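The values are calculated or read from the model by the stated rules, or taken from the named source; none is laboratory data. All of these numbers come straight from a predicted model, not from anything done at the bench. We place every Cβ from the backbone using ideal geometry, glycine too, and count neighbours over all the protein chains shown. Heads up: the accessible areas ignore ligands, DNA and RNA and are worked out on the full protein's heavy atoms, side chains in. Shrake-Rupley method; radii C 1.70, N 1.55, O 1.52, S 1.80 Å.
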Amino acid sequence: MSNKPDERLDRRDFMIASVATLGASAGLVAKAPSASAEGSTQNAAGPASATIYTGDVIQGRKVVSALDIHDLEPGKKHHLYFQGVEMPTGQHWYVSVTVAKGARPGMRVVLISGVHGDEMSSVHTVQTVMNGLDPGEMSGTVMAVTDVSRPAMEGMQRRWPNAGRGADLIDMNREWPGNENGLTAPSRHAGLLFNRLLRPNADAAIDFHTGTTGFEVTAFNIAGMDVPEVKAMVELYPVSQIFDNHVYPGVLHNAFMDVGIPAFTPEIGAARVLDLDMIALFVEGTMNVLKHHGIVAGPMGRTGKEVSVFVGNSAFPILATEGGIVEHLVKLNDKVKPGQKLAIQRDSFGDVVAEYTSGVAGEVTGQRSDAMAEPGNPLVFILFHKDAPDRGETYPE
Ligand SMILES: [Zn+2]
């Protein structure tokens, strides 16, 4: 990260100005679909209005560059690849799409994972829900996209390695809704996905995440609970923490919210691993959401009513002030009090160089799981309530 925000901003302004000049003279023309299109063509910048098959087939799956699930045969599961942005070699990043199209019409719910590439429990949660669906018995449609940031997933790392000025690492959950004519490939990829796949097929959306490499979190949902449609879904999860906050622009669930599609973000434990116990809670909650929307029939499973749910609207970060090995004195979900000691840190000689205490009363949501820390690293996040909730990046989803 640059310590010179002004310099960075100037350069960005310059680049935008250059592109605008080019656009005025030569025109910024989005590439037309390269092969046989089934259905009508569409406005390059606008939402998809029909399915476009590129004519390619990859590993037996048809490739689309735009999708309208109304065009798919009802009562079946469909496996497709969505054609994302091109790589430097000219091939595309293809994103896996599974559509369970109900026999009867109804609500359309979109399930997403892989916006960050190291969050495997989120992928497994979506796959488990999809594998449990029988389209012949459904009224409505569930569409799953499991590997949004393909290059990040190939390396099982959080960020998209972008061939910008050398290798840039871009956080895809700061890019939404994206821009098909954007200044980076990830921005364009986000724009293509949002305009041509996600937004046109969603009446509600859930973007699944986990903690990140080196920083573990508990099971919780991030959601704006003042929005009744969102609250109704989030309360159907038997999950014991809710971070009731609209967080910040650029995250995928807010791109949906900004266009009137209710959405939220579950967080499912540690990165890089499968936490099968936590996954089961989110599968049960998601099935409840599908029942709530009338897509799937049957009795509700366990909901938030069956567990004790702690709701906070702010996250209190405790940042390392020294370098050294950190030893936690509390666990995830522990209740903590102001002044309570949460962690100590030792230097290379074994001497304690820092003690970290909570500034608030709340519950532990996340903890650094890498033992080594340098100054500035988040060590603990405490979920708590504040009369005027934090806005901005206090919890760095
Ligand atoms: Zn994430």
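On the given criteria, is G178 open to solvent by less than 40 Å² (accessible area, probe 1.4 Å), away from the ligand (no atom under 16 Å from the Cβ) and either modelled with pLDDT of 95 or more or touching a Phe, Trp or Tyr at 6+ places or on another chain (Cβ under 6 Å) (or both)?
Yes, satisfied.
Quick check, is L193 away from the ligand (no atom under 13 Å from the Cβ), of a type outside the set (V, I, T) and surrounded by 24 or more Cβ atoms within 10 Å (Cβ to Cβ)? Spell out how you get there, then give the answer.
On the way: away from the ligand (no atom under 13 Å from the Cβ): yes; of a type outside the set (V, I, T): yes; surrounded by 24 or more Cβ atoms within 10 Å (Cβ to Cβ): yes.
When the stated conditions are applied, L193 passes them.
If S122 satisfies every condition in (1) in contact with a Gly (Cβ under 8 Å, 6 or more places away or on another chain); (2) open to solvent by 10 Å² or more (accessible area, probe 1.4 Å); (3) of a type outside the set (K, R) but one, which is the exception?
Evaluating S122 over (1) in contact with a Gly (Cβ under 8 Å, 6 or more places away or on another chain); (2) open to solvent by 10 Å² or more (accessible area, probe 1.4 Å); (3) of a type outside the set (K, R) leaves (2) as the failure.
Take M107 and tell me if it is in a strand (DSSP E or B) and either open to solvent by 10 Å² or more (accessible area, probe 1.4 Å) or on the phi < 0 side of the Ramachandran plot (or both).
yes
Among the residues of the range 142-170, which ones are free of Cβ contacts under 8 Å to residues at least 24 places away in the same chain and basic (K, R)?
Our first condition is that a residue be free of Cβ contacts under 8 Å to residues at least 24 places away in the same chain; within the range 142-170, this holds for 161, 164-170.
Listed by number, the list holds a single entry, R165.
For the range 305-330, which residues satisfy the criterion of being among the β-branched types (V, I, T) and either under 24 Å from H246 (Cα atoms) or open to solvent by 80 Å² or more (accessible area, probe 1.4 Å) (or both)?
V307, V309, V311, I318, T321, I325
Name the residues in the range 207-229 that are β-branched (V, I, T) and either away from the ligand (no atom under 13 Å from the Cβ) or in a helix (DSSP H, G or I) (or both), would you?
T218, V227
Answer yes or no as to whether N201 is touching a Gly at 6+ places or on another chain (Cβ under 8 Å), under 24 Å from Q127 (Cβ atoms) and open to solvent by less than 10 Å² (accessible area, probe 1.4 Å).
no
Given the criteria touching a helix residue (DSSP H, G or I) at 6+ places or on another chain (Cβ under 6 Å) and among the small types (G, A, S), does S139 qualify? Give the steps one after another, and end with the answer.
On the way: touching a helix residue (DSSP H, G or I) at 6+ places or on another chain (Cβ under 6 Å): no; among the small types (G, A, S): yes.
It is false that S139 is touching a helix residue (DSSP H, G or I) at 6+ places or on another chain (Cβ under 6 Å) and among the small types (G, A, S).
What is the one condition in (1) in contact (Cβ under 8 Å) with a residue 12 or more places away in the chain; (2) over 27 Å from E267 (Cα atoms); (3) not hydrophobic (A, V, I, L, M, F, W, C) that H70 does not satisfy?
(1)
Do we find that E284 is surrounded by fewer than 22 Cβ atoms within 10 Å (Cβ to Cβ), within 16 Å of the ligand (Cβ to nearest atom) and of a type in the set (D, E) in this structure?
No: the conditions fail for E284.
Limited to the range 137-169, what total is found for residues that are charged (D, E, K, R), modelled with pLDDT of 95 or more and outside any helix (DSSP H, G or I)?
Residues flagged as charged (D, E, K, R), modelled with pLDDT of 95 or more and outside any helix (DSSP H, G or I) within the range 137-169 amount to 3.
Anything in the range 85-120 that is within 16 Å of the ligand (Cβ to nearest atom) and farther than 23 Å from V296 by Cα? List them, or say none.
G114, V115, H116, G117, D118, E119, M120
Return the residue satisfying two criteria in turn: it lies in the range 143-175 and is within 16 Å of the ligand (Cβ to nearest atom) and among the polar types (S, T, N, Q), and of such residues it is nearest to V289 (Cα to Cα).
Only one residue tops the list, namely T146.
Could you give me the residue pairs with C-beta distances under 7 Å whose first residue belongs to the range 346-358 and is of a type in the set (D, E) and at pLDDT 95 or above, whose second residue is part of a strand (DSSP E or B) and open to solvent by 80 Å² or more (accessible area, probe 1.4 Å) wherever it lies, and which are 6+ apart or on separate chains?
Between residues of the range 346-358 that are of a type in the set (D, E) and at pLDDT 95 or above and residues that are part of a strand (DSSP E or B) and open to solvent by 80 Å² or more (accessible area, probe 1.4 Å), the close pairs are E355/K341.
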